[in-house]
Amino acid sequence: MTAPLEAERNQALLDWYREHRRDLPWRRSSDPYRILVAEVMSQQTPVERVARAHEAFVAAFPTVEALAAASLKQVMAAWSGLGYNSRAERLHRAARIIAESGWPTDTESLRALPGVGPYTARAVAAFAFGERVAAVDTNMRRVLSRWHGEPLRGPALEAAAAKDVAEDASSWNQAVMDLGAIVCRPRNPSCHACPVETWCAGPGVYVPPRAQPRFEGSTRQVRGAIVRALVRREATLAELSAETGSAPSRVSAALDHLTAEGIVERDGDRYRVSGGP
Ligand code: SF4
């Protein structure tokens, strides 16, 4: 049962959400597969890029069974451009488990899937299966810290989120996300236009997190370029170095990681996407 203050704030938040919600493709459905794909894509990619990539990905693999039946090479090709391609490999493994054993339907059992951390498990549990659970991420942490007037983290953040989450957890989680993206932004929040200003301590307590590391010249960039090259054809280390424009030592280190993660396999001196011809 939500306390009166939280109930009033949630009502104002949900009223605002009905009018201002972002129209994201996976929100038009409660299909757990579409939601899982969207949440895995969103783990390290901005939502605008995810919106474009998501439609193409679910067009290529419309069901969890279709994804499970695809080769890793096909999945990597469809994931191209999103980066952090180990996510695609784990999503592919998760799809194979679900296709064989059926959908886990609560947070705890979703957590057992490859690549599904606490946030993703809760998001899928709330959006697809209606579990009353708060999907806490950095965005929600900022918004809730401001509501409560203290920089929340760890157990205090979990306790605040569990107390605040509305019975309609699917709408509530998405409403907090949208409030954080549109109104309660990290810098210069629009408090004057905020539906919950009456019940909020204000933006003063929030400390913005450190910026993400640069992508240009990063290990992530080298890994992405290698996987894109190997989706086209298998290659030697020297060929990959020439094709990606990266030093052989960096390509070799990236290949070691990609091989250890099961994304790439080696046959003699040639590398290819695992499981492919
Ligand atoms: S009043 Fe300001 S700080 Fe509080 S939730 Fe709204 S935008 Fe964020």
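The values are calculated or read from the model by the stated rules, or taken from the named source; none is laboratory data. On a predicted model such as this, the values are computed, not experimentally measured, just so you know. In this analysis, Cβ positions are derived from the backbone assuming ideal geometry, glycine residues included, and neighbour counts consider all displayed protein chains.
Tabulated results
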{"quantity": "Per-region count, the stretch 67-121, residues more than 19 Å from residue 224 (Cα to Cα), among the polar types (S, T, N, Q), assigned to a helix (DSSP H, G or I) and in contact (Cβ under 8 Å) with a residue 24 or more places away in the chain", "calculated": "2"}
{"quantity": "Candidate set: the stretch 174-194, residues that are of a type outside the set (A, V, I, L, M) and within 23 Å of residue 133 (Cβ to Cβ); chosen: the one surrounded by the most Cβ atoms within 10 Å (Cβ to Cβ)", "calculated": "184"}
{"quantity": "Only listed residue being in contact with a helix residue (DSSP H, G or I) (Cβ under 6 Å, 6 or more places away or on another chain), within 25 Å of residue 221 (Cβ to Cβ) and modelled with pLDDT of 95 or more, chosen from 104, 114", "calculated": "114"}
{"quantity": "Positions within the stretch 157-207 being more than 13 Å from the ligand (Cβ to nearest atom), assigned to a loop (DSSP other than H, G, I, E, B) and under 13 Å from residue 142 (Cα atoms), in sequence order", "calculated": "207"}
{"quantity": "Any chance residue 216 is of a type outside the set (Ser, Thr, Tyr), at negative phi and at pLDDT 90 or above", "calculated": "no"}
{"quantity": "The stretch 235-277, residues that are of a type in the set (A, V, I, L, M, F, W, C), outside any helix (DSSP H, G or I) and farther than 17 Å from residue 220 by Cβ", "calculated": "235, 273"}
{"quantity": "Any chance residue 180 is on the phi > 0 side of the Ramachandran plot and at pLDDT 90 or above", "calculated": "no"}
{"quantity": "Residue pairs meeting the criteria (Cβ under 7 Å; at least 6 apart or on separate chains; first free of Cβ contacts under 8 Å to residues at least 40 places away in the same chain and under 11 Å from residue 127 (Cα atoms), in the stretch 22-43; second buried (at least 21 other Cβ atoms within 10 Å of the Cβ) and aromatic (Phe, Trp, Tyr))", "calculated": "34/26"}
{"quantity": "Which numbered condition residue 145 fails, given (1) crowded, with 21+ Cβ neighbours inside 10 Å; (2) more than 10 Å from the ligand (Cβ to nearest atom); (3) in contact (Cβ under 8 Å) with a residue 60 or more places away in the chain; (4) in a helix (DSSP H, G or I)", "calculated": "(2)"}
{"quantity": "In the stretch 28-43, the residues that are assigned to a helix (DSSP H, G or I) and buried (at least 16 other Cβ atoms within 10 Å of the Cβ)", "calculated": "32, 33, 34, 35, 36, 37, 38, 39, 40, 41, 42"}
{"quantity": "Count of residues meeting criterion [within 13 Å of the chain's Cα centre (by Cα) and either farther than 27 Å from residue 162 by Cβ or of a type in the set (D, E, K, R) (or both)] in the stretch 1-36", "calculated": "1"}
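To keep it simple, each residue is scored yes or no on (1) assigned by TED's automatic domain parsing to the domain that holds residue 45; (2) closer than 18 Å to residue 50 by Cβ.
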{"residue": "88", "(1), (2)": "yes, yes"}
{"residue": "93", "(1), (2)": "yes, no"}
{"residue": "98", "(1), (2)": "yes, no"}
{"residue": "103", "(1), (2)": "yes, no"}
{"residue": "140", "(1), (2)": "no, yes"}
{"residue": "143", "(1), (2)": "no, no"}
{"residue": "150", "(1), (2)": "no, no"}
